[in-house]
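Read through the structure below, which is laid out as structure tokens, and then see the notes.
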Amino acid sequence: MSETRPETPPISEITDVPLPAAEEPSSAAPAPAAARALRAHPALVLAGIVLASLNMRAALSGVSPLVGEINDHFGLDSTASSLVTTIPLVFMGLGSIVAPRLARRLGTETVLCSALVLLCGGILLRVAPPVVTLFVGGALVGTAIALLNVLMPGLIKRDFPERAASMTALYSTAMILGATVSAACAVPLEKALGGWRGSLASWSLLAAVAVVVWIPQALLARRGRRHPAAPAPRQPAADGPDLLRSGLAWQVTLLMGTQSLVAYVCIAWMPTVFTDNGMAKGAAGLVYAFYTLVQMAGSFVVPMLAGRMRDQRLLAVGVVALLASGTTGLLLAPVAGAWVWATMMGVAQGGTLGLALTLMVLRTRDAHTAARLSGMAQTWGYLLASVGPFAVGAVHQATHGWHFPIGILLVACVALVFLGLGAGRDRKV
């Protein structure tokens, strides 16, 4: 395992992530002056990060409260309807494979802007009449989100190196805010816009606003790549540690994947668990929206705490214990304690997400390695997570109940404890 700890190079000397391999300077070589000068103003970068983050979950979370209507419209059973959530997750994993290569070829800002355009198109395609477009549009949505997911940690480490933990907290909180608003507004928008299609399509407007903010950043970055003030020194690039042989990198990856599995099972099935146990549809939607809302508390506080610690193992165990407690309550008394379980699971879910994203930054030495670890974690992580909604839907259909499916989440919590103990160690990959 590659966990040696040589002296970390000064962060001010770390260059942009998306340089071609043949031209990537060593960590000790300063970036060309023009590359620095032609980056957008930090305020515009910050606005772009927030808007992109708001879009990372909104297009997915707005589906969950409308699953019943979508199923009725197309005549889907539980296993088939789980594909509405599973297919985007599969393509979130597959899209993560190509994200670093696209960024090296085209530039981070260009890829982020293009991803938002793709997201807008995927959202609109998803509501076209044939049932196949529901799944094809979902694949495009998942691919777009993958590109955003993978490149954001490297962008933050590059442009805000001294505030990596607080910026991670901001972007993970914005991501959850988008999911919360999307979930809370899904049913009201359905009623206001004449059906589930109007509700889902409305989130293309948020993606379009983000595109407008990222266009000038992409154009400015491309000018810097085409017209550098001086040629960059050509040195053999050091690709960094072999992540596939690093036990620590795999622990971060599986932590990301397992917490995502729990999150997307809840996105796909939590409202249905409540309604199947006798709760009204409107009330179930409110509880689910509250669950996503309180995730912001965990996603903001946990990364801030993690950034102040050299060792995050105790923090990881505490957050997972809260998640397991809420999940146990959901198993034993889903309706009677719904608001309590939603609070516990929501805070913990936001915390585990924020911790996983923060560890991608804290466990690496530079922006290039952070982007590579982000790509690895989100490729394998989301492929693992994609199994969750489908497996839980299949188990629910086979057992005609929710005890065994929720039991799967408790098993995932046990795995998270061991992964947190490994990934939380004060080590670098």
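The values are calculated or read from the model by the stated rules, or taken from the named source; none is laboratory data. Owing to the predicted nature of the structure, the values given are computational and were not obtained by experimental measurement. Cβ: placed from backbone, ideal geometry, glycine included. Neighbour counts: every protein chain shown. Heavy atoms of the whole protein, side chains included, go into the accessibility calculation; ligands, DNA and RNA do not. Shrake-Rupley method; radii C 1.70, N 1.55, O 1.52, S 1.80 Å.
One line per residue, one yes/no per condition, for (1) buried (at least 24 other Cβ atoms within 10 Å of the Cβ); (2) of a type in the set (Asp, Glu); (3) touching a helix residue (DSSP H, G or I) at 6+ places or on another chain (Cβ under 8 Å); (4) not in a helix (DSSP H, G or I):
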residue: Leu315; (1), (2), (3), (4): no, no, yes, no
residue: Thr328; (1), (2), (3), (4): no, no, yes, no
residue: Thr352; (1), (2), (3), (4): yes, no, yes, no
residue: Arg365; (1), (2), (3), (4): no, no, no, yes
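For region 121-168, a residue qualifies if it is open to solvent by 20 Å² or more (accessible area, probe 1.4 Å) and closer than 13 Å to Ile49 by Cβ, and the qualifying residues are Lys157, Arg158, Asp159, Arg163, Ser166. Of all the listed residues (Ala394, Ala342, Ala370), the sole one being outside any loop (DSSP other than H, G, I, E, B), within 21 Å of Leu255 (Cβ to Cβ) and touching a helix residue (DSSP H, G or I) at 6+ places or on another chain (Cβ under 8 Å) is Ala370. Pairs are defined by a Cβ separation below 8 Å, a sequence spacing of at least 6 or placement on different chains, a first member in region 246-272 that is outside any helix (DSSP H, G or I), and a second member that is small (Gly, Ala, Ser) and open to solvent by 10 Å² or more (accessible area, probe 1.4 Å); the pairs so defined are Ser246/Ser2.
Residues are listed down the side, and each one gets a yes or a no for (1) farther than 20 Å from Ser260 by Cβ; (2) of a type in the set (A, V, I, L, M, F, W, C); (3) modelled with pLDDT of 85 or more; (4) open to solvent by less than 10 Å² (accessible area, probe 1.4 Å):
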| position | (1), (2), (3), (4) |
| --- | --- |
| Ala59 | no, yes, yes, yes |
| Val67 | no, yes, no, no |
| Leu76 | yes, yes, no, no |
| Val84 | no, yes, no, no |
| Pro88 | no, no, yes, yes |
| Leu94 | no, yes, yes, no |
| Arg105 | yes, no, yes, no |
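Does Phe404 qualify as being among the aromatic types (Phe, Trp, Tyr), within 20 Å of the chain's Cα centre (by Cα), assigned to a helix (DSSP H, G or I) and more than 24 Å from Gln251 (Cβ to Cβ)? Here the answer is no, as Phe404 does not meet what is asked.
Gln397 satisfies every condition listed in (1) open to solvent by less than 10 Å² (accessible area, probe 1.4 Å); (2) of a type in the set (S, T, N, Q); (3) touching a Ser or Thr at 6+ places or on another chain (Cβ under 6 Å) except (1).
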